[in-house]
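What follows draws every value from the coordinates through simple rules; no lab data is involved. No experiment lies behind these values; they were computed from the predicted model shown. With ideal geometry, Cβ positions are generated from the backbone for all residues, glycine too; neighbour counts draw on all protein chains shown.
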Amino acid sequence: MAEGPTRADVAVALALEAKGNPAIVEMKEKSRRRGRAEGRAEGLAEGRTAGLTEGSAKALLTILAARRVEVSEAARERILGTGDSATLDRWLARAGTATSLDDVLDS
């Protein structure tokens, strides 16, 4: 028995779609909605993660400024460009007692 649709199956499906067959139209619309919902969920998750890491980076810079730790432009870009939340969490924990940037960032 064949694994996937045959040419004849595809031709019949295309013909039914072209005629506006309600079952085919409904099936395609359900598939589109499911795809949109999945894409929306993935986008929200990615956006949430990006927002959290950006917030952690900004919090780190705020703590360093409050502790009067000098941050070069290169270090600022490195901090803001870090997308790894575990790294940012580690740096945040160190920033509370840091007296220099070397106390915070991994070399």
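Diagonalise the Cα gyration tensor of region 7-103 and give the resulting equivalent ellipsoid semi-axes, square root of 5 times each eigenvalue, largest first, whole Å. Walk me through the numbers on the way to the answer.
Numbers: eigenvalues 601, 25, 17 Å².
Equivalent ellipsoid semi-axes, largest first: 55, 11, 9 Å.
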Self-check item: Estimated inter-spin distance, ARG68 and THR87, nm [label 7 Å along Cα→Cβ]
Solution: 3.0
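For ARG48 and ASN21, calculate 0.36 nm times their separation in residues minus their Cα-Cα distance, and state this gained length in nm to one decimal.
Details: separation 27, 0.36 × 27 = 9.72 nm, distance 4.05 nm.
Roughly 5.7 nm would be gained on extension.
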Exercise. Take the chain, connect every pair of alpha-carbon atoms lying under 10 Å apart with a spring to form a Gaussian network, then pick out the residue of ALA23, ALA37, ALA75 with the largest mean-square fluctuation.
Key: ALA23
Quiz item: According to a simple spin-label model (label point 7 Å from Cα along Cα-to-Cβ), what is the distance in nm between ASP106 and ARG94?
Solution: 0.9
Self-check item: Filtered GluC sites (Glu not before Pro), the chain: DSSP coil and at most 10 other beta carbons within 10 Å
Solution: GLU3, GLU70
Quiz item: Could you give the length gained on full extension between LEU80 and ARG40, defined as 0.36 nm per residue of separation minus the Cα-Cα distance, in nm?
Solution: 11.8 nm
